[in-house]
Amino acid sequence: MNWEPWTGCYKISDGCSNCYFYGPNAKRYGQNTIQKTDKFDWPIRKKANGEYNIKGNKILPTCFATDFFLPEADEWRKEAWAMIKERKDIDFLILTKRIDRFLVSLPDDWGEGYENINIGCTVENQELADYRLPLFLSYPIKRRFIACAPLLEGIDLTPYLHGVDHVTVGGETGREARECDYGWVLDIREQCIEANVTFWFKNTGSLFKRDGVVNKINPFKQTSMAKELGIDILDGKRFF
Ligand code: SF4
């Protein structure tokens, strides 16, 4: 289960080119109309017996059908922070391509950061890694990771790994997907080993290049194939 307090998004960088919001599902997901959902207050909604609808002690992927830091959501985000603060028993997992809006989006009581938020900064190529990651590392965040997804080229993350707990890597999915080269994935994995940072190869993407051969991978097999390669170093960590 995810928490989608609002929906809709629009492209901000190269990794967005084939975002599923702009594919066949565009109509269904509302594309670039940013609007609150009927699940806006889901984490604090209670049942008749007074218990929360969502049980505690879980990871809750948040804003995976939008971006938490969209400027259009500035007003709503204040309430979202308050809900996150109330549910200290839930780990909110937030991925963003708009980390440069982090400081202007914070609640007054943020301090050094809330404990129950794990923020993932998405970087899909070297240029964006070199722009977003120094900002990401400079912000007060207690738990942070890097998501190279969709991975569009080899990336040198070594200057940035000292400040993160984890790296997730994934290929691009969809009919127009660009290639994901296994060599790039293995190279990032080596960087993680050197830096003592955990690593998860989440999915191969639709066009997976391995040993010089590009294969088309069925969307339903992209995650299991990545897992079967057996290169994850998770050290007991869970991300989804
Ligand atoms: S930021 Fe994410 S959700 Fe928004 S358009 Fe880009 S890939 Fe899609």
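The values are calculated or read from the model by the stated rules, or taken from the named source; none is laboratory data. None of these values were measured; they are calculated from a predicted model. Neighbour counts are summed over all protein chains in view; Cβ atoms, including those assigned to glycine, are modelled from backbone coordinates with ideal geometry. The area values use the complete protein model at the heavy-atom level, side chains included, leaving out ligands, DNA and RNA. Shrake-Rupley method; radii C 1.70, N 1.55, O 1.52, S 1.80 Å.
Using a 1.4 Å probe on the protein chains only, how many percent of the accessible area of the range 25-168 belongs to carbon and sulfur?
48
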Which listed residue (214, 140, 32) has the Cα farthest towards the positive end of the charge dipole for the chain, taking +1 on Lys and Arg C-beta and -1 on Asp and Glu C-beta about the Cα centre? 32
Using θ = phi - 60° and Karplus 6.51 cos²θ - 1.76 cosθ + 1.60, couplings along the range 185-194 (whole Hz; Gly, Pro as x): 5, 5, 5, 5, 4, 4, 4, 5, 4, 4
How much of the calculated P(r) for the chain lies past 26 Å, in percent of all Cα pairs? 39
Once amide hydrogens are built 1.01 Å from N within the peptide plane, the residues lying 5 or more places from residue 181 or on another chain with amide H under 5 Å from its amide H are 209
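Report, in deg cm²/dmol and to the nearest 500, the calculated mean residue ellipticity at 222 nm for the chain, where each DSSP H run with n ≥ 4 adds -39500 (n - 2.57) and the sum is divided by the residue count. Show your work: numbers first, answer last.
Working: 5 runs with 51 residues, N = 240.
Result for the chain: -6500 deg cm²/dmol, rounded to the nearest 500.
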With a point put 7 Å past each Cα toward its Cβ, work out how far residue 85 is from residue 35 in nm, to one decimal. 3.0
Rounded to the nearest whole Å², what accessible area per residue is found for the range 123-240 with the 1.4 Å probe? 50
Spin-label zone in the range 112-140 - amide nitrogen under 15 Å from a point set 7 Å from the Cα of residue 186 along the C-beta vector: none
Percentage relative contact order, the range 125-225, counting C-alpha pairs under 8 Å, at least six apart: 25
Leaving ligands, DNA and RNA out of it, rank 124, 190 by accessible area with a 1.4 Å probe, largest first. 190, 124
Could you work out the relative contact order of the chain? I mean the mean sequence separation of Cα pairs under 8 Å and 6+ apart, divided by the number of residues, in percent. 14
How much of the DSSP beta bridge set in the chain is antiparallel, as a percent to the nearest 5? 25
Once the whole set of protein chains is in place, how much accessible area is left on residue 86, using a 1.4 Å probe, in Å² to the nearest 10? 90
For the chain, modelled as a GNM with alpha-carbon contacts under 10 angstrom, which of 77, 175, 98 fluctuates the most? 175
Dipole of the chain, positive direction: furthest Cα of 125, 73, 186, with charges on the beta-carbon: 73
Scan the range 191-240 for trypsin sites (Lys or Arg not before Pro) in coil per DSSP, keeping those whose Cβ has at most 11 other Cβ atoms within 10 Å, and list them by number. 238
Give 11/39; 97/209; 46/97; 46/78 a once-over and call out the pairs whose C-alpha atoms are over 27 Å from each other. 46/97
